[in-house]
Amino acid sequence: MPEKSAPGPRNLITDVAGLRVGNAEDPHIKTGVTVLLGDQPFTCGVHVMGGAPGTRETDLLAPDKTVEQVDALVLSGGSAFGLDAPSGVADALRAQGRGFKVGDQLVPIVPGAILFDLINGGDKNWTENPYKRLGASALANASEDFALGSVGAGTGATTANLKGGLGSASFTLPSGHTVAALVAVNALGSAVVGDGPQFWAAPFEQTAEFGGKGVAQLYPETHVPPTKLAAHANTTIGIIATDATLTQAQCTRLATAAHDGYARALFPAHTPMDGDLIFAASTGTSPLTDPISDTLYLGHAAATVMARAIARAIYHASEEPNDAQPTWAARHG
């Protein structure tokens, strides 16, 4: 057991053993899909705090529902069109012999959430919805190592003043449990303080993982914060994962706590025009030794690691042709 909390060896959600992440993107359309896959089905919960969510199979994740485990989770661009991405993942999983067994049939359980990236400079005049194909491709790419920034569901993401992206981070607690986050940042608000390079998540940064610019010294609270209000093109969607053995109800509470990470890293957060959502996943390989204190600190770590993952998404975004916004690196790197 470690003596203190620290990022895992990859500083990715795959520091939770048994999880893999796959990304697929179409740079011409400026969109993509990210899949979280478990070696085995995992317990899952969800909590939505934004006012404009787009989801698939989230009702199934309520604590009183029958099926407690899922095979994969999907984060996708494309607004409502992106809800087709989990279908491509489900088809591929079924072909692999995975899914919830009902008689002689296998039904893969693949909840998903979408963000709006339809007016980001990419060509959206497709003749056939691309998201089922992108979902299957992302699943095929699933690995313990994966890129951050302008990849997967973060490919076409934007924020109020900078290009968005896909972020991830991890933490190992003194209890030995690992908590990690994966997030596609397409927020109405901003991840940085004013026009400067400092991130709102700066107090939680580990080893200069998003530039080491430190904490902003002064912020004029009377100023109206920058937003994408006129564009209505928003939503941050994420996953918090742990190896701690949690019930579906405890996963739901973990997802709820992780939303504090959105509020710490994005300004403003949870607006009526954002569909902010967090899934929580438990692989269940590390039992709780003290259920009360363990779940308290798991929730605290979930919020902190989510804030770090959001900043890393913006920090790693890369420039592409016809971008609607500059990257953090182009402006401050």
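See the values below:
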| item | result |
| --- | --- |
| The stretch 17-41 residues that are in contact (Cβ under 8 Å) with a residue 60 or more places away in the chain, paired with ones that are of a type in the set (A, V, I, L, M) and surrounded by fewer than 19 Cβ atoms within 10 Å (Cβ to Cβ) (beta carbon under 7 Å, 6 or more apart) | Gly22/Ala140; Asn23/Ala147 |
| Residue count, the stretch 34-60 (criterion: in contact with a helix residue (DSSP H, G or I) (Cβ under 8 Å, 6 or more places away or on another chain), over 17 Å from Val16 (Cα atoms) and either of a type in the set (A, V, I, L, M, F, W, C) or part of a loop (DSSP other than H, G, I, E, B) (or both)) | 4 |
| The stretch 28-47: number of residues that are surrounded by fewer than 19 Cβ atoms within 10 Å (Cβ to Cβ) and either more than 19 Å from Ala138 (Cβ to Cβ) or out of contact with any Asp or Glu (no Cβ under 6 Å at 6 or more places or on another chain) (or both) | 2 |
| Residue check for Pro63: surrounded by fewer than 20 Cβ atoms within 10 Å (Cβ to Cβ), on the phi < 0 side of the Ramachandran plot and not in a loop (DSSP other than H, G, I, E, B) | no |
| Qualifying positions in the stretch 95-121 - farther than 19 Å from Asn186 by Cβ and assigned to a loop (DSSP other than H, G, I, E, B) | Gln96, Gly97, Arg98, Gly99, Gly103, Asp104, Pro108, Ile109, Val110 |
| Given (1) at pLDDT 95 or above; (2) touching a strand residue (DSSP E or B) at 6+ places or on another chain (Cβ under 8 Å); (3) among the polar types (S, T, N, Q), index of the condition Asn120 fails | (1) |
| Residue within the stretch 235-257 that is outside any loop (DSSP other than H, G, I, E, B), modelled with pLDDT of 95 or more, among the basic types (Lys, Arg) and more than 19 Å from Thr34 (Cβ to Cβ) present | yes |
| Any hit, the stretch 274-284, residues being hydrophobic (A, V, I, L, M, F, W, C), surrounded by fewer than 24 Cβ atoms within 10 Å (Cβ to Cβ) and either touching a Pro at 6+ places or on another chain (Cβ under 7 Å) or closer than 30 Å to Asn120 by Cβ (or both) | no |
| Qualifying positions in the stretch 286-328 - under 24 Å from the mean Cα position of the chain (by Cα), part of a helix (DSSP H, G or I) and more than 20 Å from Val215 (Cβ to Cβ) | Asp294, Thr295, Leu296, Tyr297, Leu298, Gly299, Ala301, Ala302 |
| Flag for Ala330 being out of contact with any Ser or Thr (no Cβ under 6 Å at 6 or more places or on another chain), within 20 Å of Ala157 (Cα to Cα), of a type in the set (A, V, I, L, M, F, W, C) and surrounded by fewer than 16 Cβ atoms within 10 Å (Cβ to Cβ) | yes |
| Test: residue in the stretch 150-165 that is out of contact with any Ser or Thr (no Cβ under 8 Å at 6 or more places or on another chain) and under 21 Å from Gly18 (Cα atoms) | no |
| Lone unmet requirement of (1) assigned to a helix (DSSP H, G or I); (2) touching a Leu at 6+ places or on another chain (Cβ under 6 Å) for Asp274 | (1) |
| Inter-residue pairs, beta-carbon under 6 Å, first more than 16 Å from Ala160 (Cα to Cα) and of a type in the set (A, V, I, L, M, F, W, C) and in the stretch 309-333, second at pLDDT 95 or above and surrounded by 15 or more Cβ atoms within 10 Å (Cβ to Cβ), 6+ apart | Ala309/Gly167; Ala309/Ser168; Ala309/Ala169; Ala309/Ala181; Ala309/Val183 |
| Matching entry among Ala136, Ala147, Ala160, Ala153 (being assigned to a helix (DSSP H, G or I), surrounded by fewer than 24 Cβ atoms within 10 Å (Cβ to Cβ) and of a type in the set (A, V, I, L, M)) | Ala136 |
| Some residue of the stretch 78-88 being part of a loop (DSSP other than H, G, I, E, B) and either surrounded by 14 or more Cβ atoms within 10 Å (Cβ to Cβ) or not acidic (Asp, Glu) (or both) | yes |
| Residues of the stretch 119-145 satisfying the condition of being in contact (Cβ under 8 Å) with a residue 24 or more places away in the chain and acidic (Asp, Glu) | Asp123, Glu144, Asp145 |
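The values are calculated or read from the model by the stated rules, or taken from the named source; none is laboratory data. Since the structure is predicted, the reported quantities are computational estimates derived from the model, not experimental observations. Every residue, glycine among them, receives a Cβ derived from its backbone with ideal geometry; neighbour counts consider all protein chains shown.
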